[in-house]
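Written out below as structure tokens is the structure these notes cover.
The values are calculated or read from the model by the stated rules, or taken from the named source; none is laboratory data. Since we're looking at a predicted model, the values are computed, not measured. Backbone-built Cβ (ideal geometry, glycine too); neighbour counts: all protein chains shown.
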Amino acid sequence: MALERELVLVAEDDVANRALLARLLDRAGFRSVMVSDGRDALSAATDEQPDLVLLDVGLPSLSGLEVCRRLRADPRTVALPIILVTGQTASRDVVAGLDAGADDFVRKPYDEAELMARVRSVLRLARVTAEMVGAHGVIAALANAVEAKDSTTELHCQRLAGLAHQLGMQSGIDPGGLKALVFGALLHDIGKIGVSDAILTKAGPLSRQEWAEMRLHPLIGERICEPLATASEFAPIVRHHHERWDGSGYPDGLRGVQIPMGARIVGLVDAYDAIIHDRPYRPARSIEEALVEINRESGRQFDPGLVELFVPIVEREVGSQRATGVIALEALRAAV
Ligand SMILES: [Fe+2]
């Protein structure tokens, strides 16, 4: 199936320039739509849904700069790539254009090859940005889905992602690894979508059979994540977040450094966060009690090296009285 050619909106009041741009764009494989004043440019930007706007600064009725500002203020066109075409060369005009939200500039008279190269490069950047926003959006939506189903874990994934990010930084994980860690932390319990509500919200202890179902959630989660493009980077975290350092965890009974680092980190911060918040089967305990428990399980449930790094993080956090939710959001922003 042939891909539809990308559409460029040209806002230019000079008839000869319009004809020239239409020809150039067509030759370069783009479709184009032409308008000759600022107000028409604004309406065409929403009605025609172009992939990019070539916007002359000196338009009648509304200047190109004003059009640019209004497009940026409208949620429908906030991310629409805009190249300003200007006859002015003063740097203050360039600054005004950037302030108005333009992605790039082309000065008249333009070199045709350069103009087309700019168009292609701005479009390429817009596509990459859209992909990144899309991937992150899907992951955030999936994380919300788990929290909606299991209301006791509301905000749990975000908190956990923030703590995991801090512990990951302390452990010297590189930026790519940190991003995978945050995604893994957000999605670690996504497999609970496949576990029945009666089990997730049961107040008493689970029966043998119920436990067997509960223990499937890392495997279900791994399968849910598979279609995501970057799944190979964080799916091991989802699968192995209930492994234990001494090999007594599930689903694969991995031990020690066999357990992927990201899964060891998420396993530790998940356990900590679970202890200090209410669960259907028991009330929340204090941070001090959680630290005692974590120290006791160091070398059994948890990687002792990570416990050593994690305890000071918690103590600092308690000391500075910062809300973990806020920290989590900051870490998320830093990581993605
Ligand atoms: Fe889990």
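When region 1-35 is examined, which residues are found to be of a type in the set (S, T, N, Q) and at pLDDT 95 or above?
To start, the set of residues in region 1-35 that are of a type in the set (S, T, N, Q) comprises 17, 32.
The answer is Ser32, and nothing else.
The criterion of being within 14 Å of the ligand (Cβ to nearest atom) and more than 16 Å from Ala271 (Cα to Cα) does not hold for Gly247. Checked against (1) within 14 Å of the ligand (Cβ to nearest atom); (2) assigned to a helix (DSSP H, G or I); (3) farther than 26 Å from Val314 by Cβ, Leu206 meets all criteria but (2).
Within region 272-294, track down each residue that is of a type in the set (A, V, I, L, M, F, W, C) and either out of contact with any helix residue (DSSP H, G or I) (no Cβ under 7 Å at 6 or more places or on another chain) or outside the structural domain of Ile220 (by TED's automatic domain parsing) (or both).
As a first pass, look at region 272-294 and keep what is of a type in the set (A, V, I, L, M, F, W, C): 274-276, 284, 287, 290-292, 294.
Ala274, Ala284, Val292 - these are the residues of region 272-294 that are of a type in the set (A, V, I, L, M, F, W, C) and either out of contact with any helix residue (DSSP H, G or I) (no Cβ under 7 Å at 6 or more places or on another chain) or outside the structural domain of Ile220 (by TED's automatic domain parsing) (or both).
So which residues in region 254-311 are in contact with an Asp or Glu (Cβ under 7 Å, 6 or more places away or on another chain), surrounded by fewer than 21 Cβ atoms within 10 Å (Cβ to Cβ) and closer than 18 Å to Ala161 by Cβ, if there are any at all? The one that is in contact with an Asp or Glu (Cβ under 7 Å, 6 or more places away or on another chain), surrounded by fewer than 21 Cβ atoms within 10 Å (Cβ to Cβ) and closer than 18 Å to Ala161 by Cβ: Ile275.
Out of Val238, Val257, I need the residue that is outside any loop (DSSP other than H, G, I, E, B), assigned by TED's automatic domain parsing to the domain that holds Asp303 and within 13 Å of the ligand (Cβ to nearest atom). Which one?
Numbers: Val257 fails: within 13 Å of the ligand (Cβ to nearest atom).
Of Val238, Val257, the one residue that is outside any loop (DSSP other than H, G, I, E, B), assigned by TED's automatic domain parsing to the domain that holds Asp303 and within 13 Å of the ligand (Cβ to nearest atom) is Val238.
Can you tell me which residue within region 145-162, out of those that are away from the ligand (no atom under 15 Å from the Cβ) and assigned to a helix (DSSP H, G or I), is farthest from Pro283 (Cα to Cα)? Outline the logic, then answer.
Of region 145-162, the ones away from the ligand (no atom under 15 Å from the Cβ) are 148, 151, 154-155, 158, 162.
Applying the additional criterion that residues be assigned to a helix (DSSP H, G or I) yields 148, 151, 158, 162.
Numbers: Ala148: 20, Ser151: 15, Gln158: 21, Gly162: 23 Å.
That would be Gly162.
Within the option set Glu213, Glu222, Glu226, Glu233, being touching a Lys or Arg at 6+ places or on another chain (Cβ under 7 Å) and either closer than 23 Å to Ser298 by Cα or in the same structural domain as Gln301 (by TED's automatic domain parsing) (or both) holds for one residue only, Glu222.
Scanning region 41-67 for residues that are buried (at least 22 other Cβ atoms within 10 Å of the Cβ) and touching a residue at least 60 places away in the same chain (Cβ under 8 Å) turns up Leu52, Leu54.
Of all residues in region 181-191, those satisfying the criterion of being assigned to a helix (DSSP H, G or I) and either aliphatic (A, V, I, L, M) or under 21 Å from Pro283 (Cβ atoms) (or both) are Leu181, Val182, Ala185, Leu186, Leu187, Ile190. For region 180-188, state whether one or more residues are more than 12 Å from the ligand (Cβ to nearest atom), free of Cβ contacts under 8 Å to residues at least 12 places away in the same chain and in contact with a helix residue (DSSP H, G or I) (Cβ under 6 Å, 6 or more places away or on another chain). The answer is no; no qualifying residue exists. Residues of region 260-285 that are aromatic (Phe, Trp, Tyr) and within 14 Å of the ligand (Cβ to nearest atom): Tyr272 alone.
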